[in-house]
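Student: There's a structure below that I have some questions on.
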């Protein structure tokens, strides 16, 4: 069995300090096998904000997979945005923009979907997809394969429009071929889980698309601060969403969804 904690959209520079310590305490008590952070660690990619984020991450004594988000790219400094867009992320957070974690049960790959010229939107390209193919090629079919991006492959429940990661349909064809099980992302500050077949027409493949809300920032969009705990015990998986309760000064369980993996993907129990 493996336990993952999925955080996103920390937005240091707009973080609520009252939430930071309770979140760290929850992580310490849970003792996850891995913590996945799906981007937007800062509000405006400033040095002081990256220093805050680094301090927060250093207080988590567990393995971590961290990818950047569009807010981790300089906005107003055009030169830095075009030519040094993730220099500070590399310096303060992680030099590897596409990390990989593998143990006896799970394989987790981070993918950088931020781009200098797409504004707040993101993209995935053929090179990145081929890299995923190569990474997962050495993984046993029994492993649960997970991809972490900032920009999602589907919109979380309640969000309307078509602002998913660029080239998503091409990507889903490759992800189906390599049988990726779960796609973790953030960006919209709304948590929830959907099956890939809700957006993509596939008859023999059904991954779970898991969105995390904003863990600690004040930039809420109608949902309290939240994060996910993912418990994997093949062939089962449970997605737990925890939400911040100011009255109890803690994160409380808000929802629990259970899924089972079959030969053609995951179905809700």
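Student: Working out 0.36 nm times the residue gap between residue 218 and residue 264, then minus their Cα-Cα distance, what length gain in nm do you get to one decimal?
Tutor: That works out to 12.6 nm of additional length.
Student: So, one more: Only Cα pairs under 8 Å and at least 6 apart count here; give the relative contact order of region 103-253 as a rounded whole percent. Intermediate values should be presented prior to the final figure.
Tutor: Values: 280 pairs, mean separation 26.9, N = 151.
Relative CO of region 103-253 lands at 18 percent.
Student: A further question follows. Nearest 5 is fine: what % of DSSP beta bridges in region 1-111 come out antiparallel, could you say?
Tutor: So the antiparallel bridges in region 1-111 amount to around 25 percent.
Student: Go ahead and set up a Gaussian network model of the chain, Cα springs under 10 Å, then flag whichever of 183, 34, 253 fluctuates most.
Tutor: 253
Student: Quick check on region 155-247: take the gyration tensor over C-alpha atoms, sort the square-rooted eigenvalues as a ≥ b ≥ c, and tell me if it's rounded (a/c under 1.5), prolate or oblate.
Tutor: oblate
Student: Tell me, in nm to one decimal, what length is gained between residue 257 and residue 243 on full extension, where the rule is 0.36 nm per residue of separation less the Cα-Cα distance?
Tutor: Answer, rounded to one decimal: 3.6 nm.
Student: Now for a different question. Explain nothing, just the number: relative contact order of the chain, from Cα pairs under 8 Å at least 6 residues apart, as a whole percent.
Tutor: Once divided by the residue count of the chain, the mean separation gives 20 percent.
Student: Here's another thing I want to ask about it. Separation between the residue 54 and residue 116 pseudo-spin-labels, each 7 Å from Cα along Cα→Cβ, expressed in nm?
Tutor: Computed distance between label sites residue 54 and residue 116 equals 2.3 nm.
Student: Running a GNM on the chain with Cα contacts under 10 Å, which residue among 159, 108, 148 ends up with the highest mean-square fluctuation?
Tutor: 159
Student: Ok, one more. Explain nothing, just the number: relative contact order of region 133-222, from Cα pairs under 8 Å at least 6 residues apart, as a whole percent. Intermediate results must be reported in sequence, preceding the final value.
Tutor: Working: 142 pairs, mean separation 27.8, N = 90.
Value for region 133-222: 31 percent.
Student: Give the peptides 86-95, 254-263 in descending order of average Cβ contacts within 10 Å, highest first.
Tutor: Numbers: 86-95: 17.2, 254-263: 14.1.
Going by the mean number of other Cβ atoms within 10 Å, highest first, we get 86-95, 254-263.
Student: Could you tell me which label, among (1) 12; (2) 8; (3) 29, carries the value of percent of Cα pairs over 36 Å apart calculated for this structure?
Tutor: After the calculation, the listed value that fits is (2).
Student: When a footprinting reagent is the concern and you count Cβ atoms within 10 Å, what order do 1, 172 take, fewest first? Spell out each step's value before the answer.
Tutor: Working: 1 9, 172 23.
Going from least to most buried by this count: 1, 172.
Student: Treat each spin label as a single point 7 Å out from the Cα along the C-beta direction, and report the residue 170 to residue 103 distance in nm.
Tutor: For the pair residue 170/residue 103, the computed spacing is 3.5 nm.
Student: Oh, and also: At 7 Å along Cα-to-Cβ for each site, give me the label-to-label distance between residue 1 and residue 91 in nm.
Tutor: Computed distance between label sites residue 1 and residue 91 equals 4.4 nm.
Student: Still on this structure: Working out 0.36 nm times the residue gap between residue 62 and residue 197, then minus their Cα-Cα distance, what length gain in nm do you get to one decimal?
Tutor: Stretched out fully, the residue 62 to residue 197 stretch lengthens by 45.3 nm.
Every read-out reported here was derived from the displayed coordinates using simple, explicitly stated rules and does not represent laboratory data. All values reported here derive from a predicted model rather than from experimental measurement. All Cβ positions, even for glycine, are placed from backbone atoms using ideal geometry, and neighbour counts span all protein chains on display.
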